[in-house]
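Read through the structure below, which is laid out as structure tokens, and then see the notes.
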Amino acid sequence: MPREFRVRREQVLPAAPEQVWNALTTGEGNLGWLYPMDIEPRVGGAVSRGSATVTEWEPPRRFACRTADQGGFTNTLSYAVERHGDGRATLSTLSMAIHWVHTGTPDDGWDTRADAAEKHVDFYQHSLAEYLRHFAGRPAVYVEATRPRPAVGPGAFTAVHERLGVPATAAAGDALKVTLPHQPGGTVEATVDFRDADFLGLRTDDALYRFYDGSRWDWPVRLGHHLFAPDADADHATRAWDEWLAEVAA
């Protein structure tokens with residue numbers, strides 16, 4: 001039988017609609033808050049991540065893309081941007097609509113995917129606002145690393161916090177010194193901009209650092225950072241964080 005799941009959010013963003021549109025629909029913009037994703041700017045255009053297709057394209061107001069497979073699964077991402085009264089943009093819908101027509105027995109992973117989708121949307125939505133508030137228009141380098149195997153319980157994510165130097169009592173808004181493997185000298189000033197049981201966000205003057213705990217869904221710990229320093233070296237930073245995460249996992 002068919003099953004559907006939807007996530008809907010609304011937020012006022014600290015940027016004009018044109019800046020929000022650029023962040024949502026260009027490869028350069030996506031590097032600053034999401035992950036590498038190039039979008040062909042037209043209905044029917046290709047999206048480089050997930051083999052998706054553009055289904056709605058009305059700059060700078062509406063964008064949607066859809067992924068589908070042979071088994072009846074579809075995943076649609078839809079964005080609607082409106083001008084707020086003070087000139088800022090309202091992202092009136094940030095939605096993920098997942099539809100699955102089951103053949104045979106129900107899929108055991110459905111509830112896992114639905115729960116993960118909802119929680120990841122909240123973190124990505126927060127990162128979009130942070131990017132627009134602090135780094136809009138600045139070129140970014142994306143650094144990604146994944147722990148070799150799924151985490152067993154939250155202990156691996158606790159080890160990530162400890163290795164960074166983030167105390168258990170730290171909360172969003174706190175300023176602290178953290179140790180980052182790709183930085184000369186290692187220790188830098190950072191602000192905790194997001195923290196809950198599954199995600200950690202740190203912001204410095206030239207980066208957004210994002211950490212993801214997959215243990216709730218039997219997934220690995222991973223990270224996806226956005227570096228805005230003019231001299232950011234993607235290869236060097238990726239090697240450093242790969243090694244760092246492998247050591248934490250060990």
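The values are calculated or read from the model by the stated rules, or taken from the named source; none is laboratory data. Because the structure is predicted, anything quoted here is derived from the model rather than measured. Methodologically, a virtual Cβ is constructed for each residue, glycine included, from the backbone with ideal geometry; neighbour enumeration extends over all protein chains shown. Protein only, heavy atoms only, side chains kept; ligands, DNA and RNA dropped before computing areas. Shrake-Rupley method; radii C 1.70, N 1.55, O 1.52, S 1.80 Å.
Observations on the structure shown:
- Averaging the sequence gap over all C-alpha pairs within less than 8 Å and six or more residues apart, then dividing by the number of residues, gives the range 143-250 a relative contact order of 34 percent.
- Gain upon complete extension [residue 42, residue 82; 0.36 nm per residue less C-alpha separation]: 12.4 nm
- Cα gyration tensor, the chain - rounded (a/c under 1.5), prolate or oblate: oblate
- Percent accessible area from carbon and sulfur atoms, the chain, protein chains only, probe 1.4 Å: 50
- Helix-only [θ]222 nm of the chain, DSSP H runs n ≥ 4, -39500 (n - 2.57) each, per residue, nearest 500: -8000 deg cm²/dmol
- Our coupling estimate for the range 156-165, obtained by passing each phi through the Karplus curve with A = 6.51, B = -1.76, C = 1.60 and θ = phi - 60°, is 5, 6, 4, 5, 4, 4, 5, 5, 6, x Hz, Gly and Pro reported as x.
- Surface exposure of the chain, expressed per residue as accessible area with a 1.4 Å probe, stands at 48 Å².
- For the range 16-87, alpha-carbon Rg and Dmax in angstrom: 12.8, 46
- Potential lengthening of the chain between residue 49 and residue 183 amounts to 45.3 nm, from the contour at 0.36 nm per residue minus the alpha-carbon distance.
- The local environment of residue 219, defined by Cβ-Cβ distances under 12 Å, has a net charge of +2 under the rule Lys, Arg +1 and Asp, Glu -1.
- Between residue 6 and residue 175, the modelled label-to-label distance comes to 4.4 nm, taking each label 7 Å out from Cα in the direction of the beta carbon.
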